[in-house]
Ligand SMILES: NC(=O)c1ccc[n+]([C@@H]2O[C@H](COP(=O)([O-])OP(=O)(O)OC[C@H]3O[C@@H](n4cnc5c(N)ncnc54)[C@H](O)[C@@H]3O)[C@@H](O)[C@H]2O)c1
């Protein structure tokens, strides 16, 4: 197997943009800043090659991926100049990809739909990343099916529960294909901060009484999430990540809360935890986090991609539970992040199967 990792992306939005730009930068200036691991199992970010991309938006389909990542409504930070990568964005079926708000912002391409599995095969892709919008339940499952059909590893970056669903895990096991998911957990985002603080309170003997997290942003991800009916899995994914680390029920409310266009791809998270400690004295933690959301997921995705390639080399079929716990909010097995990192390293070093 080559020392390159051939990657396809479904959804050329802000997350794909940050990932592609970060990889270009690592090739151009050898930039490895801001990663947990510069090298993982012999792979560096610069070993990633993009070989296929799928979208539905007229502003992106038919363009080279190295240019499409800058097409509106994408609005994350630009860290490299547009250039051709030799990969044209293919027209995918829309299915339920565009909800009430995105269908007002996105003009669907009039190009004919491609056969996604065939395009994956023709491109020689080894890993498919699913980056479709939240609530695209059919579209997400469609891409999981296409990965199975084409024989490529699957990474589910969004909160449709696939890799954490035992029935889907079985399908990937049967095909001998690795899967990592669900819903990428940002490098230093609201979920890892919230779950770490909740765990810290529990470990220090503080009783957590109630907690909430409010998120706002100005990109299509946040516009789409104004539609509460598409949000169910996102709330569940974010909430379960925090609740899994507290050994008793706690009133919790977590989720995306508003869309403010001029924030662009900046995300603000407000996290509040209230509890009581010795003597019943009250404690309240209130925190505000500001990040560029897409870049917060891209470094983690580079770990997931490398783990998927290692899984392919070792012929691991089904969910890679350690890599999923390290990189995802809703993995098959939820772990505190330090344990997740330990298990992930054991997997990379070949000391555990998955
Ligand atoms: N830190 C993060 O940004 C982060 C963290 C966790 C999860 N996620 C999830 O990752 C996903 C991608 O995030 P994003 O910020 O890039 O969103 P985005 O809205 O910028 O991009 C989504 C892209 O999918 C395209 N699309 C819609 N339907 C499609 C279909 N059927 N086939 C192919 N493409 C289709 C859209 O045109 C758009 O280009 C979202 O579901 C988001 O919630 C992001």
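Scanning the stretch 89-133 for residues that are farther than 30 Å from residue 231 by Cβ, in contact with a strand residue (DSSP E or B) (Cβ under 6 Å, 6 or more places away or on another chain) and not in a loop (DSSP other than H, G, I, E, B) gives 119, 123. Looking across the stretch 202-231, the residues that are free of Cβ contacts under 8 Å to residues at least 60 places away in the same chain and either within 24 Å of residue 327 (Cα to Cα) or not assigned by TED's automatic domain parsing to the domain that holds residue 285 (or both) come down to 202, 203, 213, 214, 215, 216, 222. Each residue in the stretch 64-83 was checked for being within 14 Å of the ligand (Cβ to nearest atom) and either more than 24 Å from residue 223 (Cα to Cα) or touching a helix residue (DSSP H, G or I) at 6+ places or on another chain (Cβ under 8 Å) (or both), and 8 of them qualify. The residues listed here are 245, 231, 208; of these, the one that is modelled with pLDDT under 95 and under 20 Å from residue 283 (Cα atoms) is 245.
The set of residues in the stretch 84-96 that are within 14 Å of the ligand (Cβ to nearest atom) and in contact (Cβ under 8 Å) with a residue 60 or more places away in the chain comprises 89, 92. Among the residues of the stretch 2-23, are any over 29 Å from residue 136 (Cα atoms) and assigned to a helix (DSSP H, G or I)? No, the stretch 2-23 contains no residue that is over 29 Å from residue 136 (Cα atoms) and assigned to a helix (DSSP H, G or I). When the stretch 232-254 is filtered for residues that are in contact with a strand residue (DSSP E or B) (Cβ under 9 Å, 6 or more places away or on another chain), under 18 Å from residue 274 (Cβ atoms) and free of Cβ contacts under 8 Å to residues at least 60 places away in the same chain, the ones remaining, listed by number, are 239, 242, 243, 246, 248, 250, 251, 252, 253. Of all the numbered requirements in (1) within 11 Å of the ligand (Cβ to nearest atom); (2) outside any helix (DSSP H, G or I); (3) within 21 Å of the chain's Cα centre (by Cα), residue 143 misses one, and that requirement is (2).
The values are calculated or read from the model by the stated rules, or taken from the named source; none is laboratory data. These numbers come from a predicted model, not from an experiment. As a convention, Cβ positions derive from the backbone with ideal geometry for all residues, glycine included, and neighbour counts pool all protein chains shown.
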